[in-house]
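Below is one structure, written out as structure tokens; the observations come after it.
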Amino acid sequence: MRKIILSVILITILVLSIFSIHFLVESPTLGTHVIPLKLDTGDTAWMIVATAFVLLMTPGLGFFYGGMVGKKNVISTMLQSYMAMVIVTLLWVVIGFGLCFGPSIGGFIGNPSSNLFFNGVSANTAWELAPTIPFILFALFQAKFAIITPALITGAFAERVRFWAYLLFMVLFILFVYAPLCHMTWHPDGMFFKMGVLDFAGGTVVHMSAGWAALAGAIFLGKRKVQKANPARITYVLLGTGLLWFGWFGFNAGSAVGASSLAAQALGTTTVAAAAAAMAWVFLDKIMGHKLSAMGASIGAVVGLVAITPAAGFVSIPHAMAIGIIASVISNLVVSKFPKGKIDDALDVFACHGVGGMVGMVLTGVFASGAVNPLVTAKGQLGNGLIFGETALFFAQLKALVLVSIFAFCVSYALFFIVNKITPLRVTEEKEELGLDISQHGEFL
């Protein structure tokens, strides 16, 4: 049956792509929030580079996660990240981009009809909020955010998920969790956007959604037979951290959508927060009686990168340092206190990405400053953060945090339930014991 389904999908996509000119007709008028391009070659060059940077983060995540799992599951764990680049890229072109940035339906989701197969996504027009780069470049930059989000979730159910079931969940997650959150947060007509919620590069859209989905997955799939395996390659974790840190400059500085002073500010806050968080993690480990470890330094740096993501273009350098330290301490404590005997979040995705994203969203409401980014205090916006004596933004961030948390967890859990009804999510005990590299892919280290 699976062979028939896969054949139908492959043939359908092939036929539709070949004959797209016969059923996709570009409108002679510009779409909603699409404007004539005012090309700036510097902005365009930077955004091409930033797009490549962000794509590199997903292989980096593969190394980061792959080094943490047991030796029998390294290839499968890394392949889950690599296949996200394959599946989500095509899904994004076919329908995903339209769901995120198409004409708004009630501020909740976009209408994909005008952007199917990238119809209307031209190199000669621009998105309203990125007027100096081609519309197609903006769409491809956004694709890389969609790619890494489901890949982040995989660390929670590592070493026990069936690969084909994971692929099906990934598709459904993009359609029913990522796309609505992206539209609500980053589309000018989106619900959170109109509320004045600030999320510079994906605290809600990427990290909170992945964190809550990870927790739902860990609960639904249950515990591994052997929860504690020696990490296969600490060197892979270090390499993955370096690639993630490097790629995150595209993630955050690229979200300025231009080669501007704001991009430089976001780059600065990003690297400072990562460094501060890594330092705080290993210092806290030592205070708590543990050794200073490569794993701890790597996880700490990533937590700092996660936490600064929503705030990167809204806060000062010293406040970025504070965000990194606060997020690192909180995530470290959550990791150490997490009920691992009851919930097997294998690689602490919720404690690092979910909690880190939530801390970053809250602290954006504390430290956001109009002196750093005039958008914060522009007409119609909620104003400065809590530390400056203003409260509106802080409470809007809290409200968004609660709504996103409930939505992402509940819908993700429902998707796991649905996928499991279609095809079993979890491998058998025998295949888990054998290892996913052999049982799912017929390969081994």
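Some points to look at:
- Screening the range 96-110 for residues that are in a helix (DSSP H, G or I) and of a type in the set (Gly, Ala, Ser) and picking the one that is farthest from Leu10 (Cα to Cα) gives Gly98.
- Any chance Ile343 is β-branched (Val, Ile, Thr), within 24 Å of Met279 (Cβ to Cβ) and touching a residue at least 24 places away in the same chain (Cβ under 8 Å): no
- Check on Lys399, among the charged types (D, E, K, R) and without any contact (Cβ under 8 Å) to a residue 40 or more places away in the chain: no
- For the range 40-50, residues that are closer than 16 Å to Leu129 by Cβ and open to solvent by 60 Å² or more (accessible area, probe 1.4 Å) total 1.
- Any hit, the range 38-47, residues being closer than 30 Å to Arg160 by Cα and modelled with pLDDT of 95 or more: no
- Of all residues in the range 323-356, those that are small (Gly, Ala, Ser), part of a helix (DSSP H, G or I) and open to solvent by 30 Å² or more (accessible area, probe 1.4 Å) total 1.
- The C-beta contact set for the range 204-227 (first residue under 19 Å from Glu429 (Cβ atoms), second residue part of a helix (DSSP H, G or I) and open to solvent by 10 Å² or more (accessible area, probe 1.4 Å), distance under 6 angstrom, 6+ apart or interchain) comprises Lys225/Glu432.
- Counted residues, the range 267-297 - those being outside any helix (DSSP H, G or I) and either within 24 Å of Ser316 (Cα to Cα) or not basic (Lys, Arg) (or both): 5
- Segments classed as helices (runs of 4 or more DSSP H), wholly inside the range 390-445, with at least 1 members that are among the hydroxyl-bearing types (Ser, Thr, Tyr): 392-422, 436-441
- Single residue of Leu56, Leu99, Leu91, Leu79 found to be hydrophobic (A, V, I, L, M, F, W, C), open to solvent by 10 Å² or more (accessible area, probe 1.4 Å) and in contact with a strand residue (DSSP E or B) (Cβ under 9 Å, 6 or more places away or on another chain): Leu99
- Against the test of being more than 14 Å from the chain's Cα centre (by Cα) and closer than 17 Å to Gly357 by Cβ, the options Met184, Met191, Met195 yield a single qualifying residue, Met184.
- Failed item, numbered, when Val404 is tested on (1) in contact with a Ser or Thr (Cβ under 6 Å, 6 or more places away or on another chain); (2) without any contact (Cβ under 8 Å) to a residue 24 or more places away in the chain: (2)
- With respect to the conditions (1) open to solvent by 10 Å² or more (accessible area, probe 1.4 Å); (2) in contact with an Asp or Glu (Cβ under 8 Å, 6 or more places away or on another chain); (3) modelled with pLDDT of 95 or more; (4) not basic (Lys, Arg), Gly155 lacks only one, and its number is (1).
- Subset of the range 267-283 [more than 17 Å from Gly360 (Cα to Cα) and open to solvent by 30 Å² or more (accessible area, probe 1.4 Å)]: Met279, Phe283
- Taking each residue of the range 1-16 that is within 15 Å of Trp164 (Cβ to Cβ) and looking for partners that are open to solvent by 70 Å² or more (accessible area, probe 1.4 Å) and part of a helix (DSSP H, G or I) with beta-carbon atoms closer than 8 Å, six or more apart or interchain, yields Arg2/Trp164.
The values are calculated or read from the model by the stated rules, or taken from the named source; none is laboratory data. Just so you know, these numbers come straight off a predicted model, no measurement behind them. Here Cβ is always computed from backbone atoms with ideal geometry, including for glycine, and neighbour counts include all displayed protein chains. All accessible areas refer to the heavy atoms of the entire protein, side chains included, with ligands and DNA or RNA removed. Shrake-Rupley method; radii C 1.70, N 1.55, O 1.52, S 1.80 Å.
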